[in-house]
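Values in this text are rule-based calculations from the coordinates and carry no lab data. Treat the numbers as computed from the prediction; the structure is a model and nothing was measured. Here the Cβ positions follow ideal geometry from the backbone for every residue, glycine too, while neighbour counts run over all protein chains shown.
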Number of protein chains: 2
Amino acid sequence: MQYSEDDTTFRNPMRFLHTSDWHLGKTLCNANLLEDQAHALDQVAAMARETRAEALVVAGDVYDRAVPPKEAVALLDDALDRLVRGLGVPVLLIAGNHDSPERLGFASGFLGAQGLHVAGTLEAAAPVLIGSAAFHLLPYADPVMARHALQDEGIRTHQDALAAQLARARAAHPEGRRFIAVAHAFVAGGEGSDSELGLAVGGTGEVDAALFRDCDYAALGHLHRPQVAGFPQVRYAGSLLKYSASEATHTKALTLVELPERGPAHTESLPLTPRRDLRRLRGHFDDLMRGPQGNPDDYLFLDLLDEGPVLDAMARLRQIYPNILGIQPAPPAAPAQDIVRTADRDLDPALLFETFFQDTAGRGMDDEERALFHAVAGRLLSGEAAE
Amino acid sequence: MQYSEDDTTFRNPMRFLHTSDWHLGKTLCNANLLEDQAHALDQVAAMARETRAEALVVAGDVYDRAVPPKEAVALLDDALDRLVRGLGVPVLLIAGNHDSPERLGFASGFLGAQGLHVAGTLEAAAPVLIGSAAFHLLPYADPVMARHALQDEGIRTHQDALAAQLARARAAHPEGRRFIAVAHAFVAGGEGSDSELGLAVGGTGEVDAALFRDCDYAALGHLHRPQVAGFPQVRYAGSLLKYSASEATHTKALTLVELPERGPAHTESLPLTPRRDLRRLRGHFDDLMRGPQGNPDDYLFLDLLDEGPVLDAMARLRQIYPNILGIQPAPPAAPAQDIVRTADRDLDPALLFETFFQDTAGRGMDDEERALFHAVAGRLLSGEAAE
C-alpha cells in the first residue's frame, strides 16, 4: 500500500482495523496457546485482506511478557511479514504494560519506512500518516518512565503521563488529518477481567476518558472485553483470545473503524472464531461424566456442584474433556437479596458476622448458629476471652 | 550509501570492515562492560566513516546471550542506527552461538531493504550484493538445527553443517561477484581463549579451514584473537574487547578488507583503543601496594607471588586498583623440563605422584617427601591401610 504525505485527497471513508492484547506466548494453566494465537492471527490477516483496511493498529500487550518465548517472536515475525510485506497493510504497534519497550522497539527506526511502525519507548513522537488519519502512537509508560522520558517533573500519575503524551501528540498533529490516538491504559469506567496485569495498586493507574474526548478515535488496549470507554469514539477492541475464566462470556473481535469525510467515526465489530472456545461449565460430576456438554475439546473451567470432594475428578473428567484447565467447587448461589453494605465500622458486630457468614456459606445463619455467635461474641466483647 | 544490483561497474577496490564477537551485554567478574562496549562502538562508527567502507560485517556473537539485557538491546539499536541510517553504511550481522537465531532475526525480512542485513536462522539464502561483492551470511547452526533447517539428514557434524551452508551459498552465487562468506565457527588451527563458549564437547565442533579455500574472503567470528585460519583470506577479526584474562595480551582490532579489481584480498588491522585496558599484573602484595603499575583504572587480574595468604588483599589492593576483577596466587614457575606424559595407567605410581606433585607445588619432591610417599603408598598398595 503506497501513500504520500503530500497527498491531500484521501480515499473516503478511510478504513482501518483496531485490535490489542495479543499476549503472544501466553500460557493459561499450563496450556500453551501459541497454536490458538496463530489460528486467530490467520483470521486477522484474512480480515485485513477482506476489509481492504489501510492499516492495522495493535494497541499494546503484543507479547505476554517482557521476554517472550522465541516461538512467540517467530509467530509475530511471521504475522507481520504476511500483513505488511505480503498484503501491503501497514501495521502500527505500541508497547503495553506487558511488553518490554526496548525489546519491542528494537530497530524501529528502520521499520517505519517498510510500513511497520513500532513505538516501544516514548522517544518517537512523529505521528504516522496514513490516508486521512494521523496515528499518534502512545506506548504504555508508567509515571516514572514518562517523567524521565518526557523530562517533566510534574508527572506523578498515569493520568499525568498520558496527558503529557497527548499534549505532545497534539503539538505534532498535522493540519487537516483525523487525530487517532493509540494508547494502552486503564480508562476509568472500563470493565476489567482477571487477566489484565494491574497498572498500579489502589486504582491510581486509572485515567479519565475525557483525555480522549477530542480524538477522532482512540484505539485503546489493556482491557480484554471490547467496549467503549466514556465516549463512543474511545474504544477497547479487546484481546485476541479469551485469556482467563472471567472472559468466558466475551465475544472476541477486531474493530473495523471507518472515518467518513466528515463526522464521527463508525465502528463495526468483526468477531474472531477461536480454534478452541474457552468456557465455564457447571454441574454435578456424574452429570458431566454422562457425556460431553458442548464441544469437549474446548478449554474448560469446571464448577463442580457436588457437596463433597470427588475422587480423582480431574483425571476422570479429562477422559471426556481433554482440555480442562481448572476445576473448582461451584461458588454458592447468589444470595436471595443484595446485602446492604455500609462503612464496616458502623455495623453492628452481629450484622457484620451475618454478612460474612452469608458471603462464605452462601446462606443465612440458622437460630442455633446465631445463638452460638452471640455467646462467643458476647464473651469476647466483654473482655472475658482471656479466661 | 546507494547501490544497484544491476550495476556492473564497481568501485575498485571494494572496501569493507570485518568485526565480530561484540558480546553486547557481557559482564566479566561482575563488571558491567556496557560503557566499554559503547566506547568501542563509537570507534567502530568512526572507522566506518573514515575508511569510507561500503559495508560492515559482524560475524556473530553480537550479544553475549540469547536474551541480552535490555540496555544491550538499546546499545545495538543505537549503534546500528548511527551506522546504517546515519552514515549510510550497510551492516551485515549473523547470529553466533551466543545469539538467539529467532530473537536476533526478528523483522529481518523488513530490515534488509533499509541496509541492515540480519541472518538469524538459516532461512534466508540470498546473498547480499554490495559493490563487487556477494556476501553470503551463514549464521551459526549446530548440526541438529542445520539438519532440520536444510532438510539434510546427512548433517552430523559442524563440518557437515557449514559445508551444506556453503554449498547452498555457492548455488545462489551470482556470476561476476566476489564470494565473501560470513560465518561463525571454530576453524581448526585457530587459537582459542577462555571466553569462547565451546561449540561442542570433544573437539567435534571444529571445521576444516579448507571449506573456505575458494572464498575470496571468509569473515569469521568465534575466536577472540584476530588471526588467519589456514589460508590468508580466511580470517578472524577478533572480539570487540578483551573478554577474559587469557585475552590480556591480545590487540583488539577491526579488519579492513580491500578487494582489488583482480587478485587476492588485502587486509589491514585497525586497532581499537579500549576505554579501560584489561591486564594481568604479577607481583608481591607489598610491591603492588607501593603504587600503581600502569593505569590503575584498568581491569586487572592479579597474580600474587606471596607464599602465604594475604589478609584482606582484595579490599586493600582496590584502594589503589579500583577495577580489580580477580586475584589468584601466582601460578608456579614453569617446570625446568617438560614432563613426559604417557597413558596414565602405564605409569609407576611413584612417577605418577611425582608428576602430580610437580604440577601442584611447582617443584620436584625432596628426598624426605619422596620417602614419606613411599612409606604411605607402600602400606596402601600392600593392603595394610585398613589397620
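Tabulated results
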read-out	value
Cα-derived Rg to Rh of region B:278-329, Kirkwood definition	0.90
Principal axis dimensions, largest first and in whole angstrom, of region A:217-261 by Cα	41, 19, 14
Relative contact order (%) - region A:278-329, alpha-carbon pairs under 8 angstrom, separation at least six	44
Tilt relative to chain B, helix B:349-361 - C-alpha long axis, 0 to 90 degrees, to 10	70
Compactness relative to 2.2 N^0.38 Å, alpha carbon Rg of chain B	1.19
Angle between chain A longest axis and helix A:367-381 axis [Cα atoms, degrees, rounded to 10]	80
Taking N as its residue count, the alpha carbon Rg of region A:1-133 over 2.2 N^0.38 Å	1.06
Relative contact order (percent, whole number), chain B, Cα cutoff 8 Å, 6+ residue spacing	14
Projected label distance in nm at A:Asn323 and A:Ser246, using a 7 Å step from Cα toward the beta-carbon	2.3
Residues of region B:73-116 with amide N under 19 Å of the 7 Å Cα→Cβ point at B:Ala31	none
Inter-probe distance in nm under a simple model that places probes 7 Å from Cα toward Cβ, at A:His284 and A:Asp208	5.6
Peptide-level mean, for A:67-80, of C-beta atoms on other protein chains within 10 Å	4
Convex hull of Cα atoms in the protein assembly as shown, direction-averaged projection (nm²)	53.2
Cα lying deepest toward the dipole's positive end in the protein assembly as shown, options A:Pro90, A:Ala237, B:Met365, charges on Cβ	A:Pro90
